[in-house]
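The values are calculated or read from the model by the stated rules, or taken from the named source; none is laboratory data. The structure displayed is predicted, hence computed values, not measured ones. Note that each Cβ is placed from the backbone with ideal geometry, even for glycine, and that neighbours are counted across all protein chains shown. Each accessible area value is taken on the protein alone, full model and side chains, heavy atoms only, with ligands, DNA and RNA left out. Shrake-Rupley method; radii C 1.70, N 1.55, O 1.52, S 1.80 Å.
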Amino acid sequence: MSENTQRMSLPTDKFLTVAVNLIHKALIEPSRTEAKSLYRDLEEQKIVPLTNLRMEDGSMVRFDLSLSCEHYQGRLNFTSFRTGLTMLLASIAEAIKEPESLRSFASEHSDNAVMFGITALTAEDGKPSVLVLGADSGRGGPNVELQLMYLDPSQFEQTAKAEADSAAG
């Protein structure tokens with residue numbers, strides 16, 4: 001049995017523009033009550049449907065949203081999530097202005113998943129948390145899961161320390 005799903009690819013800047021608009025419309029524009037309800041679903045590890053979009057070729061693609069918060073430092077609540085998310089969306093919007101500078105990283109676990117190299121750094125009680133956006137189109141069918149993920153901040157501390165050591169040496 002062969003898979004008969006045609007793969008379409010958008011340039012990174014266009015994809016991120018779509019992603020930012022969808023996330024903004026789902027979590028920033030609505031009332032606090034509506035956005036908090038969606039946040040609770042995300043916090044419970046649910047994959048939340050956002051919308052169906054008609055692509056330039058006429059095909060329909062479903063966009064969903066998920067949140068991975070296991071590496072958040074502290075106790076994540078709606079206010080701190082929304083603060084980090086607002087920073088991330090602003091950083092992405094700024095980065096899109098220079099498409100050639102956009103970086104994405106392929107997943108080690110899936111050929112269909114990427115993480116974008118744009119971060120939002122927040123801190124709670126002096127502990128940093130790093131929020132990023134990823135996307136996975138590998139669940140079958142014409143859909144994309146936008147993935148908001150908190151990364152383990154220790155990997156950035158190690159990188160910063162290594163850079164400082166080499167600069168000092």
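Taking the criterion of being β-branched (Val, Ile, Thr) and either at pLDDT below 90 or assigned to a loop (DSSP other than H, G, I, E, B) (or both), the only residue of segment 123-169 that qualifies is Thr159. Elements of the type helices (runs of 4 or more DSSP H) sitting completely within segment 1-109 and holding at least 2 residues that are of a type in the set (Val, Ile, Thr) and closer than 16 Å to Thr119 by Cα: these cover 12-27, 78-96. Considering only residues that are over 21 Å from Leu10 (Cβ atoms) and among the aliphatic types (A, V, I, L, M), look in segment 91-130 and name the one that is most open to solvent (accessible area, probe 1.4 Å). Top of the filtered list is Leu121.
Of everything in segment 14-31 that is charged (D, E, K, R) and either under 15 Å from the mean Cα position of the chain (by Cα) or modelled with pLDDT under 95 (or both), the residue that is most open to solvent (accessible area, probe 1.4 Å) is Lys25.
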